[in-house]
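A.B. asks: Dumping the structure here so I can ask a few things about it.
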């Protein structure tokens, strides 16, 4: 039995394919959402409804191939699947469903033959340039079947230094001439569920991020290809007080059972393991060349509690599930938002003995990439650090949003700032504010009868980003009430704007297409019926519109856009108008 959001993911995929004859979707699913069950149900449904369907499930490491195949058989006993992987010494291409490694199959298109659907796990690894094993194989399979469709799966739909995987790769020369313009393989992102929703539903555990007493300095580490140079990063870690970090971890995690350390290189993983052992902690290291049987035994001992700690050198980022992991230590600086999310995701499984996972961020990853609910894709060169502040209680040291008045973990108040900071909020590791007291009641609304409105595309002077602006008027001499709608913005602001514009468009009777840009939306709205009444508040120099009413001949429909309720008709309209946030730009 699928969970509601898992079935919703399949429904949204079918709806997307029905509306799009070209392009390929990426299904964004948080770590721990059960993507293997979604894939199994999708494959089973396809084969039962279209028995001649042939499906190829691709990924990049043998551990994921084996794990995905096993979970398919758990969800669908007797599923007609084969495995093709040199690392697993399996060579079966005869079944309707094939689980394979890209390294083994990238030059085997002729042997693979006709394929109807390709599913790519960890699809953020697809090259953003028009090259590489995945793209070449898809290109050759499409020659055999021009109707081939591709579905990407990932928790992190962005590539290091490039941004979203659905963006074109464009490069210019010194004269500004375009010399590279490669289209993406995956063209749209479908996000059926978010981390916040899974935590609220009780399917994921939250992370608690702490500011550490010591941290890694990467000031003199150069970059290559958007990431720190591995050799220089290893040298930087040689000068880092790893022994101090281990001691601090054990002090802060005294009540934690299962500690996972992400280290920088093989030697550092072994050093960290030995330091833990010297302090009486049962610990092992998992390295890239650890034999399979030994690795399986170590991980089983960790899950059973025989081992309290495991260190690794970028090995346990995918294909590793130990739900009771209740403390993670970041000892591996990275500029990759995907790697950051993969490491953090190891601690978000529901645990048998506690409610959260402690994260000790010696590598400053939270400051570099932002909260896990709103990660910066990393395509903005020179972007500054994410604002956050540390609890003043030396026994707590929780990382909090910059606007927090008291620590969300222990309640210690922060001093009043001398000057109100003009910064973003919700920048702790989870990006979820946890107020200690109920919010004050809203102020009384102002009302304005509306006879007309004007929509335009507005460019923010502060961020240089475009958004929609609508002015509501009551007469020709009225200065109007202006509302700014931040479509295409990341995180909460963009999601709220998406709901707002879908609600307004539906109730104003706008028949909009799914690929409309901001200027087209503004033009369509200008030709539509404005509301007859708005209720709003004044927030400094800005207006906050709380509700809009459209009066018909016999009825007056009224919905409060910000009250969080969403009826089915609005959901349908929103999914039709904007199936993904990336379609409006």
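Taken together, the values in this text are just the output of simple stated rules run on the coordinates, not laboratory data. Predicted, not measured: the structure shown is a model, and the values here were computed from it. So basically every Cβ, Gly included, is an ideal-geometry build from the backbone, and we count neighbours across all protein chains shown.
A.B. asks: In whole Å, what is the distance between the alpha-carbon centres of the stretch 28-72 and the stretch 94-172?
C.D. replies: Cα centroid of the stretch 28-72 versus Cα centroid of the stretch 94-172: 15 Å apart.
A.B. asks: Also: Between residue 392 and residue 129, what FRET efficiency comes out of the Förster formula 1/(1 + (r/R0)^6) with R0 = 56 Å and r the beta carbon distance, rounded to 0.05? Kindly include the intermediate steps, with their values, before the conclusion.
C.D. replies: Working: r = 48 Å, r/R0 = 0.85.
Once rounded, the FRET efficiency stands at 0.70.
A.B. asks: Pairs of Cα atoms under 8 Å, at least six residues apart: use those to get the relative contact order of the stretch 4-193, whole percent. Can you show the working numbers first?
C.D. replies: Details: 341 pairs, mean separation 54.2, N = 190.
In percent, rounded to a whole number, it is 29.
A.B. asks: Need one number: nm distance between label points at residue 213 and residue 17, each 7 Å from Cα along Cα→Cβ, rounded to one decimal.
C.D. replies: 5.7 nm
A.B. asks: Between residue 181 and residue 277, what's the calculated FRET efficiency when r is the beta-carbon distance and R0 is 51 Å? Round to 0.05.
C.D. replies: Working: r = 54 Å, r/R0 = 1.05.
For residue 181 and residue 277, the calculated efficiency is 0.40.
A.B. asks: Multiplying the sequence separation of residue 523 and residue 321 by 0.36 nm and subtracting their Cα-Cα distance, what value in nm do you get? Mind dumping the intermediate values first?
C.D. replies: Numbers: separation 202, 0.36 × 202 = 72.72 nm, distance 4.99 nm.
So the chain would gain 67.7 nm between residue 523 and residue 321.
A.B. asks: Relative to the present Cα-Cα distance, how much length would full extension add between residue 293 and residue 406 at 0.36 nm per residue of separation? Could you put the intermediate results ahead of the total?
C.D. replies: On the way: separation 113, 0.36 × 113 = 40.68 nm, distance 4.86 nm.
Contour length minus the Cα-Cα distance gives 35.8 nm.
A.B. asks: Could you grab the relative contact order for the stretch 168-285? Cα pairs under 8 Å, six or more apart, rounded to a whole percent. Provide the component values of the computation, followed by the final result.
C.D. replies: Working: 71 pairs, mean separation 15.7, N = 118.
It comes to 13 percent, rounded to a whole number.
A.B. asks: Any chance you could run the full-extension gain for residue 223 through residue 532? It's 0.36 nm times the residue separation minus the Cα-Cα distance, nm to one decimal. Mind dumping the intermediate values first?
C.D. replies: Numbers: separation 309, 0.36 × 309 = 111.24 nm, distance 5.65 nm.
So the extension gain works out to 105.6 nm.
A.B. asks: Arranged from highest to lowest average of other beta-carbon atoms within 10 Å per residue, in what order do the peptides 522-533, 495-506, 64-75 appear?
C.D. replies: Working: 522-533: 16.5, 495-506: 20.2, 64-75: 18.2.
Output ranking for 522-533, 495-506, 64-75: 495-506, 64-75, 522-533.
A.B. asks: For 445, 5, which order do you get if you count the other beta carbons within 10 Å of each Cβ and list the fewest first?
C.D. replies: Details: 445 14, 5 19.
Result, fewest neighbours first: 445, 5.
A.B. asks: Go ahead and run the numbers for FRET between residue 108 and residue 70, Cβ-Cβ distance against an R0 of 35 Å, rounding to 0.05.
C.D. replies: On the way: r = 23 Å, r/R0 = 0.66.
Taking R0 as 35 Å, the efficiency between residue 108 and residue 70 is 0.90.
A.B. asks: Would you mind classifying the stretch 131-226 by shape? Square roots of the alpha carbon gyration tensor eigenvalues, ordered a ≥ b ≥ c; an a/c under 1.5 is rounded, otherwise it is prolate if a/b is larger than b/c and oblate if not. Each step should come with its number before you reach the end.
C.D. replies: Working: a/c = 2.68, a/b = 1.25, b/c = 2.15.
Oblate, since a/c reaches 1.5 and b/c is not below a/b.
A.B. asks: Still on this structure, I have one more. Rank the residues 45, 356 as a footprinting-exposure proxy: fewest other Cβ atoms within 10 Å of their Cβ go first. Each step should come with its number before you reach the end.
C.D. replies: Values: 45 13, 356 16.
Sorted ascending by nearby Cβ count, the order is 45, 356.
A.B. asks: In the stretch 209-229, whose amide N lies under 17 Å from the spot 7 Å out along Cα-to-Cβ of residue 414? List them in ranges.
C.D. replies: 209-212
A.B. asks: Take residue 1 and residue 232, extend 7 Å from each Cα along the Cα→Cβ direction, and tell me the distance between the two endpoints in nm.
C.D. replies: It works out to 5.6 nm between the two label points.
A.B. asks: Tell me, what are the semi-axes, in whole angstrom and largest first, of the equivalent ellipsoid of the stretch 4-193 as set by the roots of 5 times the Cα gyration tensor eigenvalues?
C.D. replies: On the way: eigenvalues 146, 76, 51 Å².
Whole-Å semi-axes of the equivalent ellipsoid: 27, 19, 16.
A.B. asks: Sort the stretch 226-374 into rounded, prolate or oblate with this rule: let a ≥ b ≥ c be the square roots of the eigenvalues of the Cα gyration tensor; rounded if a/c is under 1.5, and if a/c is not under 1.5, prolate when a/b is larger than b/c, oblate otherwise.
C.D. replies: Details: a/c = 1.33, a/b = 1.15, b/c = 1.16.
It comes out rounded by the Cα gyration axes.
A.B. asks: By per-residue mean of other Cβ atoms within 10 Å, what is the highest-first order of 327-339, 83-95? Could the numbers behind the result be given before it?
C.D. replies: On the way: 327-339: 23.8, 83-95: 15.8.
So the peptides 327-339, 83-95, ranked by packing, come out 327-339, 83-95.
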